[in-house]
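Report on the following structure.
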Amino acid sequence: RRHTNPDAVAVIGLGRFGSALALELMRNGAEVLGIDDSENTVQELNGQLTTVARADATREEALRQLGVDEFDKVVVGIGTDIQASILVASRLLKFDRPEIWAKAITEPHAEILDQLGVHHVIRPEHDMGVRSAHLIRGRVLDFAQIDEGFAMVRCAVPEQVQQRPLDTLGLHTRYGVSIVAVRRPGEGWVPTELSTVLYEDDQVLVTGPTDKAEAFSNLS
Ligand code: ADP
């Protein structure tokens, strides 16, 4: 069976990380094949993912039988068992098709996955530590590092930029940031326009160099 659905993802290893990821993909309308070698885990998730299969993913034959080689995207959520993680990743890399995402639990683990040629290495503990530092420090309500030194921050609206249209604020020259979206109390997020006026109870998404975006959110 060919997986022509670009929204189909295979998730291997359904521990805390893999199962949270798989369930969130389901909530967002993706088709998810979950694979784990623990019978308990498979039973728990049965019916909650499109397909759940019990298999030892270090066996190339098992991966082929499940059609993992025909997916566009595969996530390896195995962490604690570093040997299994590395073996599964190297099996997957023999398949030309999938883009591979893999979780690393230590720096050396991340280095090896990277050297093998895994396309995206995820370091949840490391990244969550970085993120938490920004949440703890100031008035940042949410923080996403887009790249080294560049971030998107959710924050309240500093007084200096309230009550006037965005294009009169000189945001870029004065603060080095852009405000890309706003959420009014009780409403959803909408992209800002030049004429958008911000008020005290709004929240905004600010993008820019990490230090500038953070400094902006801490203005008052
Ligand atoms: P987490 O910290 O996210 O819970 P773990 O590394 O502890 O991650 O869990 C990984 C999951 O991967 C477990 O559910 C485990 O049963 C599964 N797993 C480990 N080795 C294999 C394997 N060879 N094939 C399939 N699943 C595996």
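Given the criterion in a strand (DSSP E or B) and either crowded, with 18+ Cβ neighbours inside 10 Å or within 15 Å of the ligand (Cβ to nearest atom) (or both), identify the matching residue among Ile100, Ile105.
Details: Ile105 fails: in a strand (DSSP E or B).
Matching residue, one of Ile100, Ile105: Ile100.
Pull up the range 184-203, narrow it to residues that are of a type in the set (A, V, I, L, M) and in a loop (DSSP other than H, G, I, E, B), then point me to the one that is surrounded by the most Cβ atoms within 10 Å (Cβ to Cβ). Walk me through it before giving the result.
Our first condition is that a residue be of a type in the set (A, V, I, L, M); within the range 184-203, this holds for 190, 194, 197-198.
If we keep only those that are in a loop (DSSP other than H, G, I, E, B) as well, we get 194, 198.
Details: Leu194: 8, Leu198: 22.
This residue is Leu198.
Among the numbered criteria (1) among the small types (Gly, Ala, Ser); (2) farther than 22 Å from Leu113 by Cβ; (3) within 15 Å of the ligand (Cβ to nearest atom), which one does Gly29 miss?
Result: Gly29 passes all but (3).
Consider the range 204-214. How many of its residues are more than 17 Å from Ala181 (Cβ to Cβ) and surrounded by 14 or more Cβ atoms within 10 Å (Cβ to Cβ)?
We begin by selecting, within the range 204-214, every residue more than 17 Å from Ala181 (Cβ to Cβ); these are 209-212, 214.
Filter again for surrounded by 14 or more Cβ atoms within 10 Å (Cβ to Cβ), leaving 210, 212, 214.
Residues that pass the stated criteria total 3.
Condition check ((1) free of Cβ contacts under 8 Å to residues at least 40 places away in the same chain; (2) in contact with a Lys or Arg (Cβ under 8 Å, 6 or more places away or on another chain); (3) not polar (S, T, N, Q)) across all residues:
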{"position": "Lys73", "(1), (2), (3)": "no, no, yes"}
{"position": "Gly79", "(1), (2), (3)": "no, yes, yes"}
{"position": "Gln83", "(1), (2), (3)": "yes, no, no"}
{"position": "Leu87", "(1), (2), (3)": "yes, no, yes"}
{"position": "Phe95", "(1), (2), (3)": "yes, no, yes"}
{"position": "Pro108", "(1), (2), (3)": "yes, no, yes"}
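Do we find a residue being part of a loop (DSSP other than H, G, I, E, B) and closer than 28 Å to Gly129 by Cβ anywhere in the range 16-35?
Here is the first cut: in the range 16-35, the residues part of a loop (DSSP other than H, G, I, E, B) are 28-30.
From the residues that got through so far, the ones that are closer than 28 Å to Gly129 by Cβ too are 28, 30.
Yes, because at least one residue in the range 16-35 is part of a loop (DSSP other than H, G, I, E, B) and closer than 28 Å to Gly129 by Cβ.
Which members of the range 123-142 meet the condition of being free of Cβ contacts under 8 Å to residues at least 40 places away in the same chain and away from the ligand (no atom under 16 Å from the Cβ)?
Result: Val130, Arg131, Ser132, Ala133, Leu135, Ile136, Asp142.
Could you check the range 63-83 and list, in sequence order, the residues that are hydrophobic (A, V, I, L, M, F, W, C), in contact with a strand residue (DSSP E or B) (Cβ under 9 Å, 6 or more places away or on another chain) and either within 17 Å of Glu111 (Cβ to Cβ) or within 8 Å of the ligand (Cβ to nearest atom) (or both)?
The initial filter retains those residues of the range 63-83 that are hydrophobic (A, V, I, L, M, F, W, C), namely 63, 66, 68, 71, 74-76, 78, 82.
From what's left, in contact with a strand residue (DSSP E or B) (Cβ under 9 Å, 6 or more places away or on another chain): 63, 66, 68, 71, 74-76, 78.
Residues satisfying the conditions are Val76, Ile78.
A short reminder: the numbers here are calculations on the coordinates, not readings from a lab. Model, not experiment: these values are computed from the prediction. Positions of Cβ are backbone-derived with ideal geometry, glycine not excepted, and every protein chain shown enters the neighbour counts.
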